């Protein structure tokens with residue numbers, strides 16, 4: 001048998017090697033984003049910029065309208081996050097704590113629709129929004145993000161733990177249901193709302209196929225859509241594309257690092273639903 | 001109760017109009033010859049029964065897309081699950097220091113934007129300047145024309161998918177590992193079981209429900225692969241990376257053959273339902 005010291009060394013070597021694999025593509029992106037034009041194609045490859053420059057980022061914002069794409073992404077993501085937290089929190093709470101005939105059956109029906117891939121309804125949804133005049137609008141891209149079965153599910157599971165005595169006491173005191181929800185329930189279920197917000201933020205920010213379909217006008221494009229069309233014209237400009245990739249990835253990474261705790265909870269909660 | 005209605009109304013209405021209605025409409029559109037002429041005036045669309053499905057069955061591009069997707073799922077699914085389990089065991093090992101740091105690092109690719117990492121990997125895969133071929137060259141292998149060779153393009157996309165996704169299932173495996181009772185390991189150690197025997201007879205059976213969940217959700221997710229081939233190869237070379245969803249996108253939004261595209265979406269739905277049913281059955285068997 002190996003001594004503990006040797007196993008520990010081996011274990012940590014494996015941990016570090018895996019970390020390098022996870023981080024190298026992102027690290028190379030960050031380095032190349034600050035390289036001079038052509039430097040990312042040097043042989044042997046440069047791992048760090050020899051003469052760092054901001055010109056790639058300047059080009060993105062001045063020549064290439066990425067500021068507008070960034071703004072589009074930010075507005076859509078923030079609206080999606082705020083609105084979906086409200087919509088799903090109310091529904092999840094009702095499914096947990098406001099009894100009515102057939103409620104649990106309705107919830108089970110809804111939960112079983114979780115397996116339906118979003119792509120199945122995308123074409124008709126596009127045609128519907130086209131009829132409503134919502135193609136190339138923020139509202140059009142937002143509507144499918146607002147209510148989410150997974151979000152309702154997350155909130156319901158958490159809200160089941162809210163004490164009925166607390167709610168009944170407030171009802172005896174004459175508080176209305178909306179007041180109870182706003183004043184008593186929301187503060188109690190805040191952790192799961194943070195989870196939901198983190199999930200919605202990241203999925204809206206990173207989403208590609210839906211904005212690609214509904215935001216065909218270049219001025220309305222989100223960052224991923226703008227980036228995918230930029231790579232068509234500027235595939236030779238490695239450094240520029242890496243700056244654009246970094247601009248897109250960085251906000252997602254920062255939000256993840258801040259909300260990590262809540263994010264992990266959502267993933268493990270989702271996995272035990274079985 | 002009246003209040004419940006008000007609480008549920010926004011979510012249910014949104015889901016009804018913007019999710020359930022489109023899904024049902026998709027089933028119906030798949031039975032019509034809805035195309036670019038019908039978009040202006042829907043009256044031009046005719047009911048054609050199962051003709052779209054019959055045509056899909058004789059469409060080589062569709063079959064190729066389905067085969068490509070199955071290859072992606074069959075190679076990427078097990079590989080992702082295996083790497084996730086390996087990473088989970090590394091992170092969860094008793095001797096591991098700085099556990100939260102490693103967990104965060106492995107999870108970071110999961111939250112990155114798929115389009116961006118697809119672009120990054122496109123450069124990493126560059127046959128001449130790419131970092132990957134450079135590393136291969138250091139050990140005397142390669143170079144490989146990753147995205148230009150029809151035999152390598154799909155494996156290259158699998159590699160990117162595994163890199164990006166393994167952290168997600170890793171978290172679920174860590175939760176599963178922590179649910180395996182520690183006494184079992186202690187008892188086995190007293191009985192003189194080696195580490196492989198403990199892995200084989202305690203860890204793996206203990207993780208069976210986790211495997212089921214992770215395996216099926218990963219495969220369902222992988223059937224929907226779209227952005228990677230869209231950004232990295234546009235389905236090429238020689239159609240070797242065109243996925244079912246990319247085929248659907250091209251039929252629907254490039255050629256406006258909405259009928260064919262809707263029928264393709266229904267095929268995707270049926271495959272997904274079959275996967276979910278499999279999970280349900282296997283889970284029932286266990287209990």
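The values are calculated or read from the model by the stated rules, or taken from the named source; none is laboratory data. Predicted model, so just to flag it, every value in this text is computed and none were measured. Don't worry about glycine lacking a Cβ; one is built from the backbone with ideal geometry, like all the others, and counts go over all protein chains shown.
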Quick one: which residue in B:231, B:245, B:216 is in a helix (DSSP H, G or I), buried (at least 19 other Cβ atoms within 10 Å of the Cβ) and at pLDDT below 90?
B:216
Count of segment B:180-194 residues which are under 20 Å from residue B:86 (Cβ atoms) and surrounded by 12 or more Cβ atoms within 10 Å (Cβ to Cβ)
2
Of all residues making up segment A:1-48, the number that are within 30 Å of residue B:192 (Cα to Cα), at pLDDT 90 or above and not in a helix (DSSP H, G or I):
0
Among (1) without any contact (Cβ under 8 Å) to a residue 40 or more places away in the chain; (2) within 11 Å of chain A (Cβ to nearest Cβ); (3) in contact with a helix residue (DSSP H, G or I) (Cβ under 7 Å, 6 or more places away or on another chain); (4) farther than 23 Å from residue A:222 by Cβ, which single condition is residue B:116 missing?
(4)
Filter segment B:92-113 for residues that are farther than 26 Å from residue A:251 by Cα and assigned to a helix (DSSP H, G or I) and give the result.
B:92
When only residues in segment B:119-139 that are more than 7 Å from chain A (Cβ to nearest Cβ) and in a helix (DSSP H, G or I) count, which is nearest to residue A:209 (Cα to Cα)?
B:122
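Kindly establish whether residue B:199 is at the interface with another protein chain (Cβ under 9 Å from one of its Cβ atoms), at pLDDT below 90 and over 21 Å from residue A:125 (Cα atoms).
Numbers: at the interface with another protein chain (Cβ under 9 Å from one of its Cβ atoms): no; at pLDDT below 90: yes; over 21 Å from residue A:125 (Cα atoms): yes.
Spelling it out, it is not the case that residue B:199 is at the interface with another protein chain (Cβ under 9 Å from one of its Cβ atoms), at pLDDT below 90 and over 21 Å from residue A:125 (Cα atoms).
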Please determine whether any residue of segment A:108-122 is within 12 Å of chain B (Cβ to nearest Cβ), assigned to a helix (DSSP H, G or I), in contact with a helix residue (DSSP H, G or I) (Cβ under 6 Å, 6 or more places away or on another chain) and modelled with pLDDT of 95 or more.
no
Looking at (1) buried (at least 17 other Cβ atoms within 10 Å of the Cβ); (2) closer than 19 Å to residue A:84 by Cβ; (3) more than 7 Å from chain A (Cβ to nearest Cβ), find the lone condition where residue B:8 falls short.
(3)
In segment A:91-107, which residue that is facing chain B (nearest Cβ under 7 Å) and crowded, with 16+ Cβ neighbours inside 10 Å is farthest from the chain's Cα centre (by Cα)?
A:98
By residue number, the members of segment A:115-141 that are closer than 11 Å to residue B:19 by Cα, free of Cβ contacts under 8 Å to residues at least 60 places away in the same chain and within 20 Å of the chain's Cα centre (by Cα) are A:116, A:117
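Suppose the filter is within 19 Å of residue A:157 (Cβ to Cβ), touching a helix residue (DSSP H, G or I) at 6+ places or on another chain (Cβ under 8 Å), part of a helix (DSSP H, G or I) and touching a residue at least 24 places away in the same chain (Cβ under 8 Å); does residue A:95 pass it?
Answer is yes for this residue.
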Evaluate the following for residue B:60: is it more than 8 Å from every other protein chain (Cβ to nearest Cβ) and more than 29 Å from the chain's Cα centre (by Cα)?
no
Residues of segment B:217-248 being over 17 Å from the mean Cα position of the chain (by Cα) and within 11 Å of another protein chain (Cβ to nearest Cβ), in sequence order, are B:234
If you go through segment B:143-155 one residue at a time, do you hit one that is within 12 Å of another protein chain (Cβ to nearest Cβ), at pLDDT 90 or above and part of a helix (DSSP H, G or I)?
no
Pick out the one residue from A:57, A:86 that is more than 12 Å from every other protein chain (Cβ to nearest Cβ) and not in a loop (DSSP other than H, G, I, E, B).
A:57
Would it be correct to say that residue B:210 is in contact with a helix residue (DSSP H, G or I) (Cβ under 9 Å, 6 or more places away or on another chain) and either more than 26 Å from residue B:156 (Cβ to Cβ) or at the interface with chain A (Cβ under 9 Å from one of its Cβ atoms) (or both)?
yes
Residue by residue through segment A:235-274, note down the ones that are more than 23 Å from residue A:112 (Cα to Cα), at the interface with another protein chain (Cβ under 7 Å from one of its Cβ atoms) and at pLDDT below 85.
A:264
Against the condition more than 10 Å from every other protein chain (Cβ to nearest Cβ) and either in contact with a helix residue (DSSP H, G or I) (Cβ under 6 Å, 6 or more places away or on another chain) or free of Cβ contacts under 8 Å to residues at least 60 places away in the same chain (or both), how does residue B:282 come out, does it pass?
yes
Leading residue by the ranking (modelled with the lowest pLDDT) among those in segment B:250-265 that are crowded, with 19+ Cβ neighbours inside 10 Å and at the interface with chain A (Cβ under 7 Å from one of its Cβ atoms)
B:258
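Hey, among the residues in segment A:148-175 that are outside any helix (DSSP H, G or I) and in contact with a helix residue (DSSP H, G or I) (Cβ under 8 Å, 6 or more places away or on another chain), which one's surrounded by the most Cβ atoms within 10 Å (Cβ to Cβ)?
That would be A:148.
Test residue A:182 against the stated conditions and say whether it is assigned to a helix (DSSP H, G or I) and either in contact with a strand residue (DSSP E or B) (Cβ under 9 Å, 6 or more places away or on another chain) or over 26 Å from residue A:82 (Cβ atoms) (or both). If you could, list the steps in order and put the result at the bottom.
Details: assigned to a helix (DSSP H, G or I): yes; either in contact with a strand residue (DSSP E or B) (Cβ under 9 Å, 6 or more places away or on another chain) or over 26 Å from residue A:82 (Cβ atoms) (or both): no.
No.
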Across (1) touching a helix residue (DSSP H, G or I) at 6+ places or on another chain (Cβ under 7 Å); (2) surrounded by fewer than 18 Cβ atoms within 10 Å (Cβ to Cβ); (3) under 13 Å from residue B:113 (Cβ atoms), residue A:250 clears everything bar (1)
Quick check on segment B:149-157. Is at least one of its residues out of contact with any strand residue (DSSP E or B) (no Cβ under 7 Å at 6 or more places or on another chain), surrounded by 14 or more Cβ atoms within 10 Å (Cβ to Cβ) and within 30 Å of residue A:266 (Cβ to Cβ)?
yes
